[in-house]
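What follows is a set of notes on a single structure, which appears directly below.
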Amino acid sequence: MTTLTRPVTGIDGGMAQSCRESFRFFVRRFWPEVPGAGKLLWNWHLGLLCDEIEKVARRAAAGLPKEYDLVINLPPGTSKSSILSILFPAWFWAIHPPARVLTASHTDQLALDLANKSRAVVRSEKYRTWFPEVSSRPDQDCKGYFANTAGGDRLTCTVGGRSPTGFHGLGLLVDDPLDPKKVLSEAELRTAAEFMTAVLPSRKVDKAVSFTVLVMQRLGIGDSTDVMLNEAMK
C-alpha cells in the first residue's frame, strides 16, 4: 500500500532538504528536540562524528557494499551517544525511511533511554512537519521497539541480556557494550566479545551492505574495540 503525503514546501521544505543532505545540519537543527540535551556546544569532533557515520549510512541506503565498519573511541561527556544513538537513527529514517536499525548497550536501562529519546525526536512536531513520509506505526510504538509505516524500525537489545533474535538490521549500533565498572571481569569481556563476533554478524539484513558502528571509551586490552580491530585483521 502506498501512502501519499503532501510535499513540504517553503522554508520547511528547504530546511528538510538541507537536513537530508547533511547529517551535521540535521544535528544542529534537531539537537533541541532531544530530551534533556541542553545547549549544543559545537566542537570539531562532533562534525567528524557526523561525517564518518554519514559516509557509511549513505552507502547502505544506496544498497552499496560497505567499505568498512566504524569504531569510535571517545571519553564520557563528549556527546557521542546523543549524536550516534539518538539523532543518527532519526536522520537515517529521514534519508531512507525503510531502514532497520538494531541498537545495543551494556544495560537495558541505557539502551531503552537512548531509544526513547530518539523516538521523542521522531515524534517531535518539527520532525513530523519536515519529514511527513516518516509516519510512526501506532501498533509498534514502545521504548524497546518502534517502527514507521515505510518498513523502517528500531529494536534495542543488551549485550548478554535482551536478545535481538529474529531481528535483522541495516545499521547495527553498539553504544558502550561494556560497563566500565566491570571491565576487569573476564566473564564480562567474554560476553561482550561473543556479542560482537557471533551475535551481531548474524543480525544483518545483508552481510555485504549492513554496517556496524561501535562507540565507546577505550577500557583496555580485550575490550570490544580490541575485539573489533582484531576481527578486522583476520
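The values are calculated or read from the model by the stated rules, or taken from the named source; none is laboratory data. No experiment lies behind these values; they were computed from the predicted model shown. Don't worry about glycine lacking a Cβ; one is built from the backbone with ideal geometry, like all the others, and counts go over all protein chains shown. The protein model used for the area step is the full one, side chains on, heavy atoms only, and it has no ligands, DNA or RNA in it. Shrake-Rupley method; radii C 1.70, N 1.55, O 1.52, S 1.80 Å.
Filter region 32-51 down to the residues that are open to solvent by 50 Å² or more (accessible area, probe 1.4 Å) and either under 30 Å from Lys207 (Cβ atoms) or not in a helix (DSSP H, G or I) (or both) and list them by number. Pro35, Gly36, Gly38, Lys39, Leu41, Trp42, Asn43, Leu48, Asp51 - these are the residues of region 32-51 that are open to solvent by 50 Å² or more (accessible area, probe 1.4 Å) and either under 30 Å from Lys207 (Cβ atoms) or not in a helix (DSSP H, G or I) (or both).
Tally up the residues in region 155-196 that are part of a helix (DSSP H, G or I), open to solvent by 40 Å² or more (accessible area, probe 1.4 Å) and either within 28 Å of Ser79 (Cβ to Cβ) or at pLDDT 95 or above (or both), please. Break it down into steps so the answer makes sense when it comes.
First pass over region 155-196, keeping only residues part of a helix (DSSP H, G or I): 180-182, 186-196.
Now restrict to residues that are open to solvent by 40 Å² or more (accessible area, probe 1.4 Å): 180-182, 186-188, 190-191, 194.
When the remaining residues are screened for being either within 28 Å of Ser79 (Cβ to Cβ) or at pLDDT 95 or above (or both), the result is 180-182, 188, 191.
Number satisfying all stated conditions: 5.
This table checks each residue for (1) buried (at least 23 other Cβ atoms within 10 Å of the Cβ); (2) touching a strand residue (DSSP E or B) at 6+ places or on another chain (Cβ under 8 Å).
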site: Trp91; (1), (2): yes, no
site: Ala99; (1), (2): yes, yes
site: Ser105; (1), (2): yes, yes
site: Gln109; (1), (2): no, no
site: Asp113; (1), (2): no, no
site: Ser118; (1), (2): yes, yes
site: Ser124; (1), (2): no, no
site: Pro132; (1), (2): no, no
site: Pro138; (1), (2): no, no
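Applying the criterion of being in a helix (DSSP H, G or I) and of a type in the set (A, V, I, L, M, F, W, C) to the residues of region 197-221, the residue that is surrounded by the fewest Cβ atoms within 10 Å (Cβ to Cβ) is Ala198.
When you look at Ser22, is it touching a residue at least 12 places away in the same chain (Cβ under 8 Å) and of a type in the set (Gly, Ala, Ser), yes or no?
Details: touching a residue at least 12 places away in the same chain (Cβ under 8 Å): yes; of a type in the set (Gly, Ala, Ser): yes.
When the stated conditions are applied, Ser22 passes them.
A search for C-beta distances below 7 Å between a residue of region 207-234 that is closer than 23 Å to Leu170 by Cβ and any residue that is among the hydroxyl-bearing types (Ser, Thr, Tyr), counting only pairs 6+ apart in sequence or on different chains, returns Leu214/Ser224; Leu214/Thr225; Met216/Ser224; Met216/Thr225; Val227/Thr197; Glu231/Thr197.
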